[in-house]
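Only one structure is covered here, and it is reproduced in the block below.
Since every read-out is calculated from the coordinates, none of them should be taken as a lab result. These numbers come from a predicted model, not from an experiment. Neighbour counts are summed over all protein chains in view; Cβ atoms, including those assigned to glycine, are modelled from backbone coordinates with ideal geometry.
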Amino acid sequence: MTEFDDQRARMVEHQLAGRGIRDPRVLDAMGRVPRERFVEPSLVASAYADGPLPIGEGQTISQPFVVALMIESLGLDDDARVLEVGTGSGYAAAVLSLVAGVVYTIERQAGLAGAARRRLAALGYDRVHVRHGDGTLGWPEHAPYDGIVVAAGGREVPRRLRDQLAIGARLVIPLGRTRRAQNLDRLTRTGPESYEHDDLGEVRFVPLVGRAGWSEDRPGGIPGMSMWGQWRRPVADTDDPG
Ligand code: SAM
């Protein structure tokens, strides 16, 4: 066992199972994806820290617990077709691909999309398809989806994403009235025009920027942004940036 394998196993035990993640397929996937390969070389020593990390372009790879919580909350089958908005490093897409059948993921920053595509291919995650573009419009060619993860904070659920959800399927998205803090909202499509919502708790994500998100007039540079992608519910050993 390498040092990273050991750190990954401890992350699964303490940060995930220890805080209530129960789905064995999610725990197994989080125990297999080498997070150290998705962070900048200067940060590999912190790859399994209990928080988000910067990945360049003012964006972050989310806290491991948040990744696991979002994926678990979708209740995916092995053959599920999943859409992710906000590829970032590609880490969550890699985890999703071990829990579901195929993953379509969209990133608005061209540099991050290209780097994630190359990284995922090099690591053999060939059931992940990366597109550069505005994820608030979805990826209609492959809809309907059995689950949708939005990994950036919006003001409301983008209409096109709701429309691309299969009936019975779920979408998770951080929603808030400001760019700085959100609650994780889970939407279940119960019929052609009916949806149910659950609140999964407070989180802090980078903004969802796009046609059905925030405008681009304040890109990056927001104090504390490098800490975003973080669970905010008080947890004794969580480094909550407040
Ligand atoms: N899932 C990522 C990972 O595992 O590394 C972390 C996602 S990061 C918290 C949020 C990402 O959403 C950023 O890379 C940001 O550029 C992207 N983003 C924001 N608005 C977007 C949009 N409208 N469409 C696609 N990506 C968007």
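The set of residues from region 107-127 being buried (at least 24 other Cβ atoms within 10 Å of the Cβ) and either within 12 Å of the chain's Cα centre (by Cα) or more than 10 Å from the ligand (Cβ to nearest atom) (or both) comprises Glu107, Leu120. I'd like the residue in region 49-69 that is touching a residue at least 40 places away in the same chain (Cβ under 8 Å) and under 20 Å from Asp23 (Cα atoms) and, out of all such residues, is farthest from the chain's Cα centre (by Cα). Going through the qualifying residues, I end up with Asp50.
Of all residues being among the hydrophobic types (A, V, I, L, M, F, W, C) and within 10 Å of the ligand (Cβ to nearest atom) in region 128-160, which is surrounded by the fewest Cβ atoms within 10 Å (Cβ to Cβ)? Just the residue, please.
In the first step, residues of region 128-160 are kept if they are among the hydrophobic types (A, V, I, L, M, F, W, C); the result is 128, 130, 137, 139, 143, 148-152, 157.
Retained after the next criterion (residues that are within 10 Å of the ligand (Cβ to nearest atom)): 137, 149-152.
Values: Leu137: 17, Val149: 24, Val150: 26, Ala151: 29, Ala152: 27.
Going through the qualifying residues, I end up with Leu137.
Counting the residues of region 20-74 that are within 12 Å of the ligand (Cβ to nearest atom), crowded, with 18+ Cβ neighbours inside 10 Å, among the small types (Gly, Ala, Ser) and outside any loop (DSSP other than H, G, I, E, B) gives 1. Of the strands (runs of 3 or more DSSP E) lying entirely inside region 118-218, those carrying at least 2 residues that are over 24 Å from Asp78 (Cα atoms) are 165-175, 182-191, 194-204. Looking only at region 77-101, residues that are in contact (Cβ under 8 Å) with a residue 40 or more places away in the chain, away from the ligand (no atom under 13 Å from the Cβ) and either under 17 Å from Gln164 (Cβ atoms) or part of a strand (DSSP E or B) (or both) come to 3 in all.
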